[in-house]
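Have a look at the structure below, then the notes.
The values are calculated or read from the model by the stated rules, or taken from the named source; none is laboratory data. This one's a predicted model, so the numbers in the text were calculated from it and none came from an experiment. Virtual Cβ from ideal backbone geometry, glycine too; neighbours counted across all protein chains shown.
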Amino acid sequence: MIKTTGTYSYRNILRVAYPILISLVMEQMIGLTDTAFLGRVGEIELGASAIAIIYYMVIFMTGFGFSLGAQIIIGRRNGEGQYKETGKIFWNGLYFVLGLAGILIAVSEVVSPYLMKMMVSSDSIYAASLDYVHWRLPGLVFAFVTTMFRAFYIGTTQTKTLTLNSLVMVASNILFNWILIFGKFGLPALGITGAAIGSSLAELVSMLFFIIYTKRKCDKPKYGLDRPARFDIKEIKCMMPVCVWTMIQHVISISTWFIFFVYIEHLGERALAISNICRSVSGLLWVVLQSFASTCSTLVSNIIGEGHQDKVLSLVKRILKLSFGTVCSMMIAFCIFPEAIARIYTDIPDLVTASVPALIVMCSSYFFQVPGMIFFQAVSGTGSTKTAFKLEMVALVAYMIYCTVIIGIMIIYVAYCTVIIAVMKADIAICWTAEHVYAGSMMVLCYIYLKSGRWKNRKI
């Protein structure tokens, strides 16, 4: 645990961010593995996994969003030195997400076939996507428990634990997916179903790791983890003013991306496969950015808990410099070697070539994504999650309008102009400029709020 007098050096920031980065990169390997393996099964499976994974992520974000709110509160209590309160928040948060997982699984099993049928035009994509979702949903229980452990360890700045967990998790996922997708050791080749089962089993391994590690290594009496706290509805109610907005924000954010992919699916299986490659590559850049953004949220919360509100903006500037240097270096490398990057996900030559323009456009959006995400998490770290939600909603409105207009124009072009059909890859690249609109809007709005100083006396 890092304690300061209100000033976090670049070294202190990296001490917190680096383990988060390693854990997120390792966890991103789950999606990379799914995409790379399924890209060698077939183009339909590759495209269907894009729809299915994002659909699952919409559901997952309810629990993940709640855990981020809990993380902010844990960070504040940790900064205040109220260590036992962090355990109380953890236990009650755990009870909440377990109940939430049960409800979401039951509801999703009923409504998913109808929702997917309404949104997906290809019968083959629909069948494959629904199969993935069905086998992936049970993993919500394990995933939600894991999010609360992550919230506790990040909120108390014990981030090295995440690195160990992610290594175990990704190794499990690669092994399970390889066996189940391709049918090794005498088992049947399950394709996209195997990817879903493998990822759910990896979530189970991750949860078991956190339970065992916490039992053996964590200072349980200090943090009130030595015995389960009783369920306290009042504690849940106290958490909700912060957590509910991070829940809503993350669900709506991913939902708009899901709609984006539904639009793309209507342009054809090739367009969807290209966008899935872009999504996977974007995930590599996103996890690096998210490691600094999560660090920003936690350290802002801790520094305010210590009573050093005047040091927040200087801290944000330091984190922004580090994240820009790291993410932009990767982005430039991806733009220089786009075909090599695309070949990681598919061995279909024309699909690799068609993916290049969209990959370059997607990468360039991170010039806006970096400051947008850092500023947004800084706002969340102040405890002003309702404000953060409102700011992102404005950005998302701009994003959705842009997506609708651009993709609507593309559909008309596809219907009436064969020339545009022949160069479909250019049209997909244009679609991905929607990321610039969303990130740019969020960057500007969050920066204005941080500069206003209205968050300084926020109590949570």
Can you name the number of the only condition in (1) farther than 30 Å from Thr157 by Cβ; (2) at pLDDT below 85 that Tyr114 fails? (2)
Those helices (runs of 4 or more DSSP H) lying entirely in the range 296-374 with at least 1 residues of a type in the set (Lys, Arg) and within 24 Å of Ile448 (Cβ to Cβ): 312-336
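One line per residue, one yes/no per condition, for (1) over 16 Å from Val97 (Cα atoms); (2) assigned to a helix (DSSP H, G or I); (3) of a type in the set (Phe, Trp, Tyr); (4) touching a residue at least 12 places away in the same chain (Cβ under 8 Å):
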| position | (1), (2), (3), (4) |
| --- | --- |
| Pro221 | yes, yes, no, no |
| Pro228 | no, no, no, yes |
| Ile236 | no, yes, no, yes |
| Val251 | no, yes, no, yes |
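Does Val281 qualify as being surrounded by 18 or more Cβ atoms within 10 Å (Cβ to Cβ), modelled with pLDDT of 80 or more, under 21 Å from Phe368 (Cα atoms) and among the β-branched types (Val, Ile, Thr)?
Answer is yes for this residue.
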With criteria (1) in contact (Cβ under 8 Å) with a residue 12 or more places away in the chain; (2) in contact with a Phe, Trp or Tyr (Cβ under 6 Å, 6 or more places away or on another chain), Ala189 comes up short on (1)
What is the one condition in (1) in a helix (DSSP H, G or I); (2) in contact with a Gly (Cβ under 8 Å, 6 or more places away or on another chain) that Asp131 does not satisfy? (2)
Would you mind finding the one in Met240, Met207 that is in a helix (DSSP H, G or I) and over 19 Å from Phe142 (Cβ atoms)? Met240
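Taking Ile125, is it surrounded by fewer than 24 Cβ atoms within 10 Å (Cβ to Cβ), over 16 Å from Met207 (Cα atoms), in contact (Cβ under 8 Å) with a residue 12 or more places away in the chain and out of contact with any Pro (no Cβ under 9 Å at 6 or more places or on another chain)?
It is true that Ile125 is surrounded by fewer than 24 Cβ atoms within 10 Å (Cβ to Cβ), over 16 Å from Met207 (Cα atoms), in contact (Cβ under 8 Å) with a residue 12 or more places away in the chain and out of contact with any Pro (no Cβ under 9 Å at 6 or more places or on another chain).
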Do you know which of the residues in the range 196-235 that are within 22 Å of Arg77 (Cα to Cα) and surrounded by 16 or more Cβ atoms within 10 Å (Cβ to Cβ) is modelled with the highest pLDDT? Phe210
Candidate set: the range 138-168, residues that are at pLDDT 90 or above and among the polar types (S, T, N, Q); chosen: the one nearest to Gln82 (Cα to Cα): Thr147
